[in-house]
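**Q** The following block contains the structure, expressed as structure tokens.
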Amino acid sequence: MDMSVAAIAEPSRRWQVLAIVVAAQFMFGVDAFIVNVAIPTIAKDLAASSSQIEAVIAVYLIGYATLIITGGRLGDILGTKTVFLIGVAGFTLTSLWCGLAQSGTELILARLAQGVTAALMVPQVLATIHVLFPDAARAKAFAIYGIVLGLAGAAGFALGGLLVTLDLAGFGWRAIFFVNLPVGVLIIAAAAHVMPQAPRRPGTRLDLPGAVILFVGLLCLIGPVLFGRETHWASWLWLIVAGGLLIVWIFLRYERGVARRGGMPLIDLDLLADPAFVRGLGAVFCFFFANLSFYLVTTLYMQATLRIAPLWAGLVFMPLALAFVIASRHSGARARRRGTLVLIEGCVLQIIGLAALASTVVAVTSPAPVVLATVMIVFGYGQGLVMAPLSGAVLSHVRAGSAGSGSGLYGTTTQIASASGVAAVGAVYFAVASASSALLALQVSLGLVALSLIGSIVLLLRMRRAAGAQAATASAR
């Protein structure tokens with residue numbers, strides 16, 4: 001029998017629930033990074049093309065991005081516990097499918113399904129924390145959640161390298177997906193016993209057609225970037241891109257129609273009338289476009305060019321991830337004192353870290369893993385300064401009644417940006433490496449990442465000015 005939220009009276013019980021849901025978040029976070037370390041091994045074993053390798057990462061993010069809002073609303077309709085259990089079970093089964101995949105195409109399909117099930121699981125984590133911690137303990141609960149997010153990245157890199165190197169039971173790279181099976185089963189068993197069923201929200205409706213339209217539009221826009229080099233940028237690819245733009249336009253028209261009919265659109269388009277919020281979303285897109293693509297190209301360069309073993313390649317990112325956690329702990333207090341300036345400082349630090357890495361691989365023919373790890377600390381610290389307070393800075397411009405829609409639009413933007421960055425920067429890396437050298441490919445790719453961060457800085461400054469102008473107008477009335 002499901003317990004009501006009110007049944008969790010003793011403090012120890014709700015902390016047990018917190019441990020369960022953040023364990024699921026940890027599993028999801030690890031999976032987002034663990035694949036990066038194993039990508040070269042997967043490509044070799046499945047004879048996968050460079051485009052398929054990028055797609056393994058990108059389609060996971062696209063599936064997650066287009067359905068994350070739908071997943072949140074399903075939790076409101078069916079109950080967070082029910083949807084959480086379905087999501088964890090689906091994520092566990094699709095992880096098994098990923099591990100059993102026999103071709104690049106099959107792995108892409110399995111990763112897409114994994115992203116879809118993650119979109120059911122992850123929104124329930126924050127919803128559960130929100131319901132169970134309405135008091136002063138909420139700050140501690142969200143602090144634990146933030147630390148888990150940071151540690152998931154470090155664990156993903158280290159675990160990915162370790163599992164590929166150990167080759168447990170001859171599974172090789174497949175173990176990075178199989179490891180989710182016992183973890184998922186334990187989470188399901190614990191959640192079924194301890195997790196409460198949060199009250200359902202009456203009147204909540206599902207915009208599944210909107211999610212499907214957006215998904216198809218994004219595939220048409222990002223897919224040609226992934227596979228363009230292999231098809232020599234055939235003319236029909238541009239027709240697909242044009243079709244994607246048309247589908248996105250249809251999506252926007254459809255969403256406005258849903259709103260006019262009194263429904264609940266996937267995206268509240270009225271939010272896009274706020275200049276500060278729009279510029280903030282632009283800054284978010286540029287920031288996330290840069291970050292996941294950075295890990296892709298550096299992993300490829302370390303393993304394919306420098307011949308660094310997967311275990312050491314994973315450990316190279318550990319100091320970066322720990323610096324990220326430390327910076328995340330500091331960023332909240334700094335953001336309260338300095339506002340959006342701390343975000344700009346973080347982006348500047350990342351650019352400095354990129355320049356240091358580019359200089360290192362030029363100056364040293366085969367830099368040791370410890371050298372690369374040391375250089376990347378600056379990038380990781382800068383990333384941590386931005387990641388934690390960025391959502392608060394952007395969503396602060398959203399009115400209280402649209403907070404849920406704003407958060408959904410923010411989360412969707414982050415995943416679309418990450419998928420776009422992997423597709424675009426990865427395509428540039430492979431194209432330059434094929435035409436010239438891997439060293440030049442890395443330098444050009446890092447340059448694109450830096451340009452994207454510069455774009456984020458510019459948009460953050462414009463968001464700051466727009467917010468100031470709005471505040472001045474409001475006070476003058």
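**Q** Could you check region 331-374 and list, in sequence order, the residues that are among the hydroxyl-bearing types (Ser, Thr, Tyr) and surrounded by fewer than 20 Cβ atoms within 10 Å (Cβ to Cβ)?
**A** Ser359, Thr360, Thr365, Ser366, Thr374
**Q** Taking the criterion of being at negative phi, part of a helix (DSSP H, G or I) and outside the structural domain of Ala373 (by TED's automatic domain parsing), would at least one residue in region 229-236 satisfy it?
**A** Yes, some residue in region 229-236 is at negative phi, part of a helix (DSSP H, G or I) and outside the structural domain of Ala373 (by TED's automatic domain parsing).
**Q** Hey, among Thr41, Thr92, Thr70, which residue is part of a helix (DSSP H, G or I) and either among the acidic types (Asp, Glu) or at pLDDT 95 or above (or both)?
**A** Thr92
**Q** Quick check on my filter: what residues within region 1-24 are modelled with pLDDT of 85 or more and either of a type outside the set (S, T, N, Q) or crowded, with 21+ Cβ neighbours inside 10 Å (or both)?
**A** Trp15, Val17, Leu18, Ala19, Ile20, Val21, Val22, Ala23, Ala24
**Q** Could you please find all residues in region 253-283 being of a type in the set (Lys, Arg) and surrounded by fewer than 19 Cβ atoms within 10 Å (Cβ to Cβ)?
**A** Matches in region 253-283: Arg253, Arg256, Arg260, Arg261.
**Q** Which residue pairs have Cβ atoms closer than 9 Å, lie 6 or more positions apart in sequence or on different chains, and pair a first residue in region 149-166 that is assigned by TED's automatic domain parsing to the domain that holds Lys44 and over 23 Å from Val21 (Cβ atoms) with a second residue that is outside any helix (DSSP H, G or I) and among the small types (Gly, Ala, Ser)?
**A** Note: pairs meeting the criteria are Gly161/Ala309; Val164/Ala309; Thr165/Ala309.
**Q** What about Thr299, is it buried (at least 24 other Cβ atoms within 10 Å of the Cβ) and of a type in the set (Ser, Thr, Tyr)?
**A** Taking the combined requirement at face value, the residue satisfies it.
**Q** So, one more: Any residue that is out of contact with any strand residue (DSSP E or B) (no Cβ under 7 Å at 6 or more places or on another chain), small (Gly, Ala, Ser) and closer than 24 Å to Pro389 by Cβ - is there at least one of those in region 310-318?
**A** no
**Q** Looking only at region 324-349, how many residues end up being aliphatic (A, V, I, L, M) and closer than 17 Å to Ile457 by Cα?
**A** 7
**Q** Still on this structure: Name every residue in region 74-103 that is within 30 Å of Ala47 (Cα to Cα), among the small types (Gly, Ala, Ser) and crowded, with 19+ Cβ neighbours inside 10 Å, in order of residue number.
**A** Result: Gly90, Ser95, Gly99, Ala101.
The values are calculated or read from the model by the stated rules, or taken from the named source; none is laboratory data. All values derive from a computational prediction rather than experimental measurement. Cβ atoms come from the backbone with ideal geometry, glycine included; neighbour counts cover every protein chain shown.
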